[in-house]
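Structure first, then comments.
The values are calculated or read from the model by the stated rules, or taken from the named source; none is laboratory data. Small disclaimer: the values here were computed from a predicted structure and weren't measured. As a convention, Cβ positions derive from the backbone with ideal geometry for all residues, glycine included, and neighbour counts pool all protein chains shown. Only protein heavy atoms, including side chains, enter the accessible area calculation; ligands, DNA and RNA are left aside. Shrake-Rupley method; radii C 1.70, N 1.55, O 1.52, S 1.80 Å.
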Amino acid sequence: MRSKNAGPFWVTMELFMRDADGYRIVADEAFLDEQVVADLYRVDADTVRIYRIPSLNVVKISFPRPVSQGSLRDRDMHAGQHHVPLALLRAPLAAAGVAGGEA
Amino acid sequence: MKGMPAGPTWHAAKIVECGGQATSNPRAGGVYTIIDADGFTIEPLDPAAACTPISVAAHMLYETADPFEMREPDGTLDVREATYVALDDRTVRVEGSRFHVADQHTIKLEGARITGYETMSFTAIRDPLILEDIDAWADLMCTVVRERVAQTLGLTEDEYAFDLRLYGHNAVLGELEPETGPPREVGVMLLVNAPDQATATAVAKVANPLMLHLPTPSMAYLPSLAFPSSPAEVERGAAYEFVLNHVVDSLTPHGDVPHRDGGDHPCLTQPTTRPPPRWRSSPWRCAPRTPDRSG
């Protein structure tokens, strides 16, 4: 996983999964949807965009930065460490014998 | 670009920026791209590195909010139908990039402004008795700093602001930090913002004895904390924050901007200027804004 500014007012993050099995876990809306992201990052779920890209085994998430880049309350100027709350989310064990673990 | 179609040209331009990330070895350098009438071909400059269909396609995600579309002054790049094919073990062929020309030529106008002047102070804590109660210590620090600034400098809370960051505990993520448990060592950064440098430094100096000696609420003695330097205060000068996020209608592809007579702004199609900084608001609690244009 990685995160980064997408311009000074948005943050974007990607989950690059190793294979289709991993992709199915994180692309499952029952595991990861706009509300889960909103709760982790304390933003409005209506502002969260999720893009599921099976050809790359990637799920991409974008939402407006709650503090603009450079403000006194901005602790991460390039938002490069803001993937961690999502990366620590425990993934469920998949039914079809897929090894679970952290996303 | 020299008669080549806009779709492959804009798509290739996006990929070559930070192009090393589109290769097997991001540290090896950039990429080499040839654009033609039907698409573009891309390979790393380093003969030992490789571009793969996945590495090139994935680079469309980098630093963009939307992985499929990218707004440019003349229209929108659309890579939904793009295909990525390996020509050999290190060269990729990209075709199918489209460009939808917009009715109105626009330019993005982003801007930062000076929000004040900052002075930073830094100390460090290793004593486990304080570290096991570090959040209460930090709350007490904020309370006492505000009280003493009011008493000694006569400043109200809307005349300055500060951020107290506990590096080693939760400085990076703040309220979003999911881990708990006492840290082994904490670096304490006090960042003060005020309308002028002298005021910012005066506030930091009022906090200086606290950064050296503040106990936790339950301690019956004054600890001495570990300043890494003396004097502890560092003047950072002007502080800047991004505040302007506009799309401006432009008459020509060369950026001539129409102004209304007597008006104080260019014609704005999506005015989204941020309000003045709200110093008292908590991190991650400002209102969400309208979508930015990627790029």
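Please turn the phi angles of the range B:230-236 into ³J(HN,Hα) values with the Karplus equation 6.51 cos²θ - 1.76 cosθ + 1.60 (θ = phi - 60°), one per residue in order, whole Hz, x for glycine and proline.
9, x, 7, 8, 10, 7, 8
Viscosity 0.692 mPa s, temperature 37 °C: what is the translational diffusion coefficient of the range B:6-103 from Stokes-Einstein with a Kirkwood Rh over Cα pairs, rounded to a whole number of µm²/s?
After rounding, the answer is 249 µm²/s.
Kirkwood Rh, chain A, all Cα pairs: how many Å?
It works out to 14.1 Å.
Calculated from DSSP H runs of 4 or more alone, at -39500 (n - 2.57) each and per residue, what is the 222 nm mean residue ellipticity of the protein assembly as shown, nearest 500?
When only DSSP H runs of four or more count, the value is -5500 deg cm²/dmol.
So with the 1.4 Å probe, I'd like the accessible area per residue for the range A:2-87, rounded to whole Å².
37 Å²
Report ³J(HN,Hα) in whole Hz for each residue of the range B:92-97, in order, from the Karplus equation J = 6.51 cos²θ - 1.76 cosθ + 1.60 where θ = phi - 60°; Gly and Pro get x.
My calculation for the range B:92-97 gives 10, 9, 10, 9, x, 6 Hz in order.
Quick one: if the Förster radius is 30 Å, what FRET efficiency do B:Ala220 and B:Thr180 give, using the C-beta to C-beta distance and rounding to 0.05?
0.70
Taking H as built 1.01 Å from N, whose amide H comes closer than 5 Å to the amide H of B:Arg236, not counting residues under 5 places away?
B:Glu118, B:Thr119, B:Met120
Can you give the average number of partner chain beta-carbon atoms within 10 Å of each beta-carbon in peptide A:46-53, as a whole number?
The mean count of partner-chain Cβ atoms within 10 Å per residue comes to 3.
Sort B:His11, B:His213, B:His105 by accessible area with a 1.4 Å probe, largest first.
Reading off the accessible areas and sorting them downward yields B:His213, B:His105, B:His11.
Quick one: Debye curve from the alpha-carbon atoms of the range B:113-239 only, equal weights, vacuum; give me log10 I(q)/I(0) at q = 0.15 Å⁻¹ to two decimals.
The Cα Debye sum returns log10 ratios of -0.69.
List, in the order given, every pair from B:Lys2/B:Lys108; A:Lys60/B:Lys14; A:Lys60/B:Lys2 whose Cα-Cα distance in the structure shown is over 27 Å.
Going by Cα-Cα distance, A:Lys60/B:Lys2 fall outside the 27 Å limit.
Can you pull out the trypsin sites (Lys or Arg not before Pro) in the range A:1-36 that DSSP calls coil and that have at most 14 other Cβ atoms within 10 Å?
A:Arg18
Starting with the highest mean, order A:37-43, B:34-40 by the number of other Cβ atoms within 10 Å, averaged over the residues of each peptide.
For the peptides A:37-43, B:34-40, the packing ranking is A:37-43, B:34-40.
For B:Ala86 paired with B:Gln21, estimate the spin-label separation in nm (one decimal), with each label point 7 Å from Cα along the Cα-to-Cβ line.
2.3 nm
What average count of beta carbons from other chains do you get within 10 Å of the Cβ of residues in A:77-85?
Rounded to a whole number, the mean comes out at 2.
Accessible area of chain A with a 1.4 Å probe: how many percent of it is carbon plus sulfur?
Here it works out to 50 percent.
Going through the range B:1-51, which trypsin sites (Lys or Arg not before Pro) have at most 13 other Cβ atoms within 10 Å and a DSSP loop state?
Filter output for the range B:1-51: B:Lys2.
Would you compute, for the Cα atoms of the protein assembly as shown, the largest minus smallest coordinate along each principal axis and list the three values in descending order, in whole Å?
Rounded to whole Å, the extents work out to 75, 69, 41 Å.
If you count, for every residue in A:60-66, the Cβ atoms of partner chains within 10 Å of its Cβ, what is the mean?
6
Provide the three semi-axes, in whole Å and in decreasing order, of the ellipsoid equivalent to the range B:37-185 as defined by the square roots of 5 times the Cα gyration tensor eigenvalues.
Output for the range B:37-185: semi-axes of 51, 25, 13 Å.
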